[in-house]
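S.K.: After the C-alpha cells below, expect a handful of questions from me.
Each reported figure results from applying straightforward, stated rules to the coordinates on display, with no laboratory input. All values derive from a computational prediction rather than experimental measurement. In this analysis, Cβ positions are derived from the backbone assuming ideal geometry, glycine residues included, and neighbour counts consider all displayed protein chains.
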Amino acid sequence: MEKARGFEVVTRWQGKDVALPKRQTARSAGYDLEAAESVTIAPRETVMVATGVKAYMQPDEVLMIYNRSSLATKRRLMLANTVGVIDADYYGSPETEGEIFIPLYNYGTETQRIAKGERVAQGIFTHYLTVDGDAPGLGGERSGGFGSTGRQ
C-alpha cells in the first residue's frame, strides 16, 4: 500500500524518544506536534523548537501549522510566523530532511520553558487549489530548509 500522508522521525532524532504527532480526540482536526527537546524562551525572543519529525503528503496537499490556544492564552507564546505552511516538497529537503520546526515567540514578560514532549503546535493536512494555467514545477526544485522557497 502506497503511503498517502503521515509523519516520520527524522534521522538525527531516531532512537531519542520522539513521538509522532497524533490527534488527541476522535473529532480533533489537528495533529499535536511535540518539542523534541527542552528549550527556554526569554521575553521578546523567538526560538525555533525542533519537533524531530517530518511530514509526507500528496503533491496537492499542504500541512498547515497552527498555534495551540493554551500556549497563547496561558503562556503568552505564539507562532512567530502566525501560520506555518509545510509544502509537500519539504519532505526530504537536503538541508533539514524536512524536519518541522516551530518558531515560538514569547510576547509575555516572563521567561517560558518548553519541556521535551510538550505539545507546541498543531498541524492540519488539507488540499489546496491552483489557478488556471498553473503548471507544477514552474518554481524549480526546493534546495533548502525553513524559509527557503524562492531564496536565490
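S.K.: HN-Hα J couplings of the range 23-30 from phi, Karplus 6.51/-1.76/1.60, θ = phi - 60°, integer Hz, Gly and Pro as x?
M.R.: Whole-Hz 3J(HN,Hα) from phi for the range 23-30: 7, 8, 9, 4, 10, 5, 7, x.
S.K.: Here's another thing I want to ask about it. Can you put T82, T96 in order, fewest other beta carbons within 10 Å first?
M.R.: T82, T96
S.K.: For the range 6-40, state which trypsin sites (Lys or Arg not before Pro) are in a DSSP loop and have at most 14 other beta carbons lying within 10 Å of their beta carbon.
M.R.: Here the sparse-neighbourhood loop sites are K16, R23, R27.
S.K.: Got a sec? Charge dipole of the chain, +1 on Cβ for Lys and Arg, -1 for Asp and Glu; which of V62, A29, L77 is way out at the positive end?
M.R.: L77
S.K.: A further question on this structure: Going down the list K16/K74; K16/K54; K22/K74; K54/K74, which pairs span over 18 Å between their C-alpha atoms?
M.R.: Beyond 18 Å: K16/K74; K22/K74; K54/K74.
S.K.: From the phi of every residue in the range 40-45, what ³J(HN,Hα) in whole Hz does the Karplus formula 6.51 cos²θ - 1.76 cosθ + 1.60 yield, where θ is phi - 60° and glycine or proline is x?
M.R.: For the range 40-45, the Karplus-derived couplings read 10, 10, 6, x, 6, 10 Hz, x marking Gly and Pro.
S.K.: May I ask for log10 I(q)/I(0) of the chain at q = 0.09 Å⁻¹, from a Debye sum over the Cα atoms as equal point scatterers with solvent left out?
M.R.: These q points yield log10 I(q)/I(0) values of -0.30.
S.K.: Can I ask one more? Which ³J(HN,Hα) values, rounded to whole Hz and listed in residue order, are derived for the range 5-13 from phi using the Karplus coefficients 6.51, -1.76 and 1.60 in 6.51 cos²θ - 1.76 cosθ + 1.60 with θ = phi - 60°, glycine and proline given as x?
M.R.: 6, x, 10, 9, 7, 6, 3, 5, 10
S.K.: Here's another thing I want to ask about it. Sort out the exposed loop GluC sites (Glu not before Pro) in the chain (DSSP loop, at most 11 other Cβ within 10 Å) and tell me the longest stretch that has none.
M.R.: 3-109
S.K.: Another question, if that's okay. Given charges of +1 on the Cβ of Lys and Arg and -1 on the Cβ of Asp and Glu, with all other atoms neutral, how large is the dipole of the chain about its Cα centre, in debye to the nearest 20?
M.R.: Dipole about the Cα centre, nearest 20: 800 debye.
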